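For reference, the structure is listed below as structure tokens.
Nothing in this text is a laboratory measurement; each read-out follows from the coordinates by a stated rule. Given the structure is predicted, the values throughout are model-derived calculations rather than measurements. So basically every Cβ, Gly included, is an ideal-geometry build from the backbone, and we count neighbours across all protein chains shown.
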Amino acid sequence: MSDIQFEIILDHYRNPRNFGVLENATVKVKDSNPLCGDMIEVYLKIGEDGRVEKATFRGQGCAISQASASMLIESIQNKHVDEITRLGKQDIFNMLGVEVGPARVKCALLSLKALKAAIYGYLGKKLDVEEEFGESHG
């Protein structure tokens, strides 16, 4: 991991962007990783045109889970829900800019999992966790 990327991750962890509860959110989803205790809540205000007018999150956990949430939520501001449904694991890894070891993959992807559950819920669809993330339900 480069020193610069390490500092970016730490900055997002220590000073998360768009952190907090969003009053009057169109949709909110809470998810956690019971193996390590990481927790993320995603709040979205979606406009009539299907664009994310405002997105926030709150949570607790390791630097990777919280930094990836901060980066992800920052990146989806004003994006259309259809564009967000196309985000995948590699997008998170690219945002982080570091190789994520097997023990930290679920930490890094927790915010994406919560975000996708929120978007799919908004669209009236069910998120297939196994298909999207390669893990079984529950």
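Only helical DSSP H runs with n ≥ 4 go in: add -39500 (n - 2.57) per run for the chain, normalise by residue count and round the 222 nm mean residue ellipticity to 500 deg cm²/dmol. List each step's numbers first, then the result.
Numbers: 6 runs with 62 residues, N = 138.
So the calculated ellipticity at 222 nm is -13500 deg cm²/dmol.
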Which distance in nm do the two modelled labels at E83 and F19 give, with both placed 7 Å along the Cα-to-Cβ direction?
2.6 nm
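Could you tally the net charge around S2, taking each other residue with its Cβ under 15 Å from the Cβ of S2, Lys/Arg +1 and Asp/Glu -1? Walk me through the intermediate numbers first.
Values: positive: none; negative: D3, E7, D11, E99.
Residues near S2 contribute -4 overall.
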Against the longest principal axis of the chain, how steep is helix 105-123, in degrees 0 to 90 to the nearest 10, with axes from Cα atoms?
0 degrees
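At most 16 other Cβ atoms within 10 Å and a DSSP loop assignment: could you name the GluC sites (Glu not before Pro) in segment 19-99 that fit? Before the final figure, lay out each step's value.
Details: sites: E23, E41, E48, E53, E74, E83, E99; in loops: E23, E48, E99.
Sparse-neighbourhood loop GluC sites (Glu not before Pro): E23, E48, E99.
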Within straight-line cross-link reach of K89, aspartates and glutamates at Cα separation under 15 Å, skipping those fewer than 8 residues along the same chain:
E99, D128, E130, E131, E132, E135
With a ≥ b ≥ c taken as the square roots of the eigenvalues of the C-alpha gyration tensor of segment 73-138, please select rounded if a/c is under 1.5 and otherwise prolate if a/b is larger than b/c or oblate if it is not?
oblate
Degrees between helix 63-75 axis and first principal axis of the chain (Cα, 0 to 90, nearest 10):
40 degrees
Virtual paramagnetic centre 7 Å along Cα→Cβ of E74, amide N under 20 Å, in segment 40-61:
40-45, 52-61
At R0 = 22 Å, how high is the FRET efficiency between N94 and L10 if r is their beta carbon distance? Nearest 0.05 is fine.
0.75
Using alpha carbon centroids, what distance separates segment 36-64 and segment 97-129, in Å?
11 Å
